[in-house]
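In what follows, a structure is listed as C-alpha cells, so that the remarks can point back to it.
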Amino acid sequence: MRVTVSGASGFIGSRLVAHLDAQGHEVHLLGRAARKGMLASARFSIWDAAAHEPPVEALEGADAVIHLSGEPVAQRWTPDVKRRIRASRVDSTRLLVDALRKVNARPRVLVCASATGYYGDRGEETLTETSTPGTGFLPEVCVEWERTASRAREFGVRVVPVRTGMVLHPEGGALDQMLPPFRWGVGGRIGSGQQWMSWIHMTDMVRLLAHAAVTPGLDGSMNATSPNPVRNSEFTRTLGRTLRRPAILPVPEFLVGVLFGEMASVVTASQRVTPRAALASGFRFEQELLGPALAHLLVEKQAE
C-alpha cells in the first residue's frame, strides 16, 4: 500500500512511519523540510500546511493519506497560540481536502487526527463515537476539524477522524512531562483524582492508525484509547508503583490553573472514553491495561 503521511517527524508520526515501513508499505512524507532521521527509503515533498495546498504529486496514486500535522495543545493558550492551534488543524485539513479534490487517482481513505478533546469535561459519562461534543475552545476546534476532513466524502474518499487520547511513551507527550516529578518522588494525583483519563500505548496508537487506513468498514470517527480508562488517582498510583516511587503529593486544581491558564481545562477534564468503533472493526489492543503498559514502556524497554 502507498501511504502519504503529514506530520511524519512528530511524536506519533515518526513512529507511525517506522511501523508502516516495517509492514512493507511505501511511504511518502509531507513536511516543511526534510529532517535528520527521516526514513531514508521514503519519498518526501515540501508542504507548509499553514500557507498552501500540498503538492498534487504527493497525493496522486496514494492508497491512503494519514494527516497528523498540528500545533501542540499542551502549552499556555495565549490568543496567538489558540489561533495557531485552530489553523494548524482546521485550515491545514481544508487545504489538504482541496488538494485531494484535484487528484485524478485519489486515495481511498483519509485518516485525519482529531482528539478526545472533542468531548470536553464529561464527569462519569461513558463516551463513545456517537456521544455529543462538549463545549469550549478545544471541542469547538475538534468539531470543525472533523467537519472539514469529512468534506472529502463528497468525492468518494472514506474519512476516519481519529479521536486520540493521552498517548503513552516516555520520549514525548504527557508521560514524558510527568516522569521527572514522579522520579523525584513528588508526583501525585491532580485535585480529587476522581477524573477519568483515557490513554493509549504508543504501539497500539500507530497500529490503530494503520488499521484505520486498511479497514474499509471503518468510516467515521474512531476513538483511539485503551478499552480500560482509569481515574487520575489510579493512574498516578500505578505510575508511582512502576517507578518504585511514592505518589502521595496531590496537585491542587487551582495551581494547575495558575500554571496553565485556560489550557488547565484539558489537564483536569474527566473523559471516560471507550474505543467502540475500533473494537467493532476487529482491532485488538496489545496493551489494554495500564500497569502492563507502563511496565512495558518504563521497565521492559529500558532493559532491552
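Structure above, values below:
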quantity: Residue match in segment 78-87 (condition: within 23 Å of Met222 (Cβ to Cβ) and surrounded by 16 or more Cβ atoms within 10 Å (Cβ to Cβ)); calculated: yes
quantity: Enumeration of residues in segment 60-89 that are assigned to a helix (DSSP H, G or I), more than 15 Å from the chain's Cα centre (by Cα) and not basic (Lys, Arg); calculated: Pro79, Asp80, Val81, Ala87
quantity: Qualifying residue in segment 255-276 (condition: within 16 Å of the chain's Cα centre (by Cα), surrounded by fewer than 20 Cβ atoms within 10 Å (Cβ to Cβ) and of a type in the set (A, V, I, L, M)); calculated: yes
quantity: Members of segment 215-251 found to be in a loop (DSSP other than H, G, I, E, B), at pLDDT below 95, surrounded by 16 or more Cβ atoms within 10 Å (Cβ to Cβ) and among the β-branched types (Val, Ile, Thr), listed by number; calculated: none
quantity: Checking Glu53 against (1) of a type outside the set (Phe, Trp, Tyr); (2) surrounded by fewer than 17 Cβ atoms within 10 Å (Cβ to Cβ); (3) in a loop (DSSP other than H, G, I, E, B), the condition it does not meet; calculated: (2)
quantity: Counted residues, segment 239-262 - those being within 26 Å of Leu290 (Cα to Cα) and free of Cβ contacts under 8 Å to residues at least 60 places away in the same chain; calculated: 4
quantity: Pick from segment 113-154, criterion of a type in the set (Val, Ile, Thr) and in contact with a strand residue (DSSP E or B) (Cβ under 8 Å, 6 or more places away or on another chain), ranking: surrounded by the fewest Cβ atoms within 10 Å (Cβ to Cβ); calculated: Thr126
quantity: Pair list, Cβ under 6 Å, 6 or more apart: segment 278-296 residue under 23 Å from Pro161 (Cβ atoms) and part of a loop (DSSP other than H, G, I, E, B), other residue at pLDDT below 95 and not acidic (Asp, Glu); calculated: Ser281/Gly217
quantity: Filter pass, Gly136 being of a type outside the set (Ser, Thr, Tyr), in contact (Cβ under 8 Å) with a residue 24 or more places away in the chain and farther than 27 Å from Arg84 by Cα; calculated: no
quantity: Within segment 130-145, considering residues that are of a type in the set (Val, Ile, Thr) and in a helix (DSSP H, G or I), the one farthest from Val273 (Cα to Cα); calculated: Val141
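The values are calculated or read from the model by the stated rules, or taken from the named source; none is laboratory data. In this text the structure is predicted, and so the values were computed from the model without any measurement. Methodologically, a virtual Cβ is constructed for each residue, glycine included, from the backbone with ideal geometry; neighbour enumeration extends over all protein chains shown.
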